[in-house]
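Here's the structure we're looking at; comments come further down.
The values are calculated or read from the model by the stated rules, or taken from the named source; none is laboratory data. Since the structure is predicted, the reported quantities are computational estimates derived from the model, not experimental observations. Ideal geometry is used to build each Cβ from the backbone, glycine not excepted, and the neighbour counts take in all protein chains shown. Surface areas here come from the heavy atoms of the whole protein model, side chains and all, with no ligands, DNA or RNA. Shrake-Rupley method; radii C 1.70, N 1.55, O 1.52, S 1.80 Å.
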Amino acid sequence: MRPETPPHRPESPSSRPQSPSGRPESRSSRPDAPPAPGRPEPVPYEEGLLDVGDGNRVHYEVHGDPAGKPALVVHGGPGSGSSRTAPRLFDPEKYRVVQFDQRGCGRSLPHASDPAADLSVNTTAHLVADMERLRVHLGIDRWLLYGGSWGSTLILAYAQAHPERVSEIVLASVTTTRRSETAWLYGGVGRFFPEAHERFRAGAGHAEDPVGAYAALMNHPDRAVRERAAADWCAWEDAVLSTEGMGTPYTDRVDDARLGFVRICSHYFAHGAFLEEGALIRDAHRLAGIPGVLIHGRLDLGGPLTTAWELARAWPDAELHVVEKAGHLGGDETRRLIVTALERFADGDPAR
């Protein structure tokens, strides 16, 4: 199906696509994207809203060289929305860079901050199908996949379903969103931040399953209840990142962007990302022949290194780079390794 095409940028704030509240949708720096190298902010040469079914339209944009090596940026969250910094990691003279907002977030419609938006049709399988539909729509045969955090989970799910469509993979801050990983992020790591974790648990009414409790709160008919739950959730996310000195990227989300993010994130995490526990590592053999680069900070408290290490052991064509002084958000060395991998693959060199 052909997409509806919104006005092309550059655009004034008043002309940007509107959120459900009527305010322009903003896209600030995301926790899944490290600082970009010194390249100007790219302007897409193509963008649109692709009808993916179920009443959803997914926003996408394409940067760089139309004849360049195809690459897809897969954002984190889930529910973060795409990042303005991520395309700057790619050489615009070598790559055709596609990025999209996953269902319910960013500039995709309907936005999950609207309680009427149906999340029963927002699952990992739906997102994988959307990625494949986007590939077909853009006439791409195979593409490199890049992403971090939740983006790495979605990339692995897509690549294992469609390995013949993937040329290379670059992942940072690797997660597979197993229930055990979610239990650590919203429970186990609380031993390092007991005060903040107590506040997080209190926000969920000290429920035995706080993630499930937050998912229920984010569907409450009272917007004030949803706003309070979203603020409590984001305060916890920022507490986990507090040792990295990067400010408060989750709390900095405002209004509908925050509501949509927490509603989607709690929805996925309450359901184990709609994946069989451990399936992405168990089925990593499906990635055979796809070169991969995994980059992970040793000091990542929210997503410990063990997941990246287990994945690297199960995927013979992947190489793991451990950044000794980096956490979940990465930094200069993380960025350098990402850019090096992207440059290497652009030049057709899969060798380590």
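A few points about this structure:
- With respect to (1) of a type in the set (Ser, Thr, Tyr); (2) touching a strand residue (DSSP E or B) at 6+ places or on another chain (Cβ under 9 Å); (3) open to solvent by 20 Å² or more (accessible area, probe 1.4 Å), the lone exception for SER80 is condition (3).
- So ALA157, is it closer than 25 Å to ALA230 by Cβ, at pLDDT 95 or above, out of contact with any Lys or Arg (no Cβ under 7 Å at 6 or more places or on another chain) and not in a strand (DSSP E or B): no
- Summed over the range 165-176, the residues that are farther than 16 Å from ALA129 by Cβ and either in a helix (DSSP H, G or I) or out of contact with any Phe, Trp or Tyr (no Cβ under 7 Å at 6 or more places or on another chain) (or both) give a count of 6.
- Filter pass, TYR214 being in contact with a Pro (Cβ under 6 Å, 6 or more places away or on another chain), closer than 25 Å to ARG179 by Cβ and not in a loop (DSSP other than H, G, I, E, B): no
- Qualifying residue in the range 312-325 (condition: modelled with pLDDT of 95 or more, out of contact with any Gly (no Cβ under 7 Å at 6 or more places or on another chain), in a helix (DSSP H, G or I) and surrounded by 24 or more Cβ atoms within 10 Å (Cβ to Cβ)): no
- If you go through the range 312-352 and keep only what is of a type in the set (D, E, K, R), over 23 Å from LEU280 (Cα atoms) and touching a strand residue (DSSP E or B) at 6+ places or on another chain (Cβ under 7 Å), you end up with GLU333, ARG352.
Residue-by-condition table, conditions (1) of a type in the set (Lys, Arg); (2) at pLDDT 95 or above; (3) surrounded by fewer than 23 Cβ atoms within 10 Å (Cβ to Cβ):
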| position | (1), (2), (3) |
| --- | --- |
| ILE140 | no, yes, yes |
| LEU145 | no, yes, no |
| ARG178 | yes, yes, yes |
| GLU195 | no, yes, yes |
| GLU198 | no, yes, yes |
| ALA213 | no, yes, yes |
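- Hey, GLY64 open to solvent by less than 10 Å² (accessible area, probe 1.4 Å), small (Gly, Ala, Ser), at pLDDT 95 or above and within 23 Å of ILE338 (Cα to Cα) or not: no
- Within the range 284-311, considering residues that are open to solvent by 60 Å² or more (accessible area, probe 1.4 Å) and either touching a strand residue (DSSP E or B) at 6+ places or on another chain (Cβ under 9 Å) or assigned to a strand (DSSP E or B) (or both), the one nearest to GLY188 (Cα to Cα): LEU299
- Of all residues in the range 193-203, one or more are touching a helix residue (DSSP H, G or I) at 6+ places or on another chain (Cβ under 8 Å) and basic (Lys, Arg).
- Selection of strands (runs of 3 or more DSSP E) fully inside the range 52-125 by the criterion of at least 2 residues being among the hydrophobic types (A, V, I, L, M, F, W, C) and over 13 Å from the mean Cα position of the chain (by Cα) returns 56-64, 95-100.
- One residue stands out in the range 326-351 among those that are β-branched (Val, Ile, Thr) and within 16 Å of LEU144 (Cβ to Cβ): the one that is most open to solvent (accessible area, probe 1.4 Å), namely THR340.
- Taking residues in the range 179-193 that are in contact (Cβ under 8 Å) with a residue 60 or more places away in the chain and closer than 15 Å to HIS328 by Cα, and partners anywhere that are surrounded by 15 or more Cβ atoms within 10 Å (Cβ to Cβ) and basic (Lys, Arg), not one pair has Cβ atoms closer than 9 Å while being at least 6 places apart or on different chains.
- Criterion: farther than 25 Å from ARG226 by Cα, open to solvent by less than 10 Å² (accessible area, probe 1.4 Å) and either in contact with a Pro (Cβ under 9 Å, 6 or more places away or on another chain) or modelled with pLDDT under 95 (or both) - qualifying residue of LEU50, LEU134: LEU50
- Across the range 88-105, the qualifying residues are those that are open to solvent by 10 Å² or more (accessible area, probe 1.4 Å) and not basic (Lys, Arg), and the one among them that is nearest to LEU337 (Cα to Cα) is ASP91.
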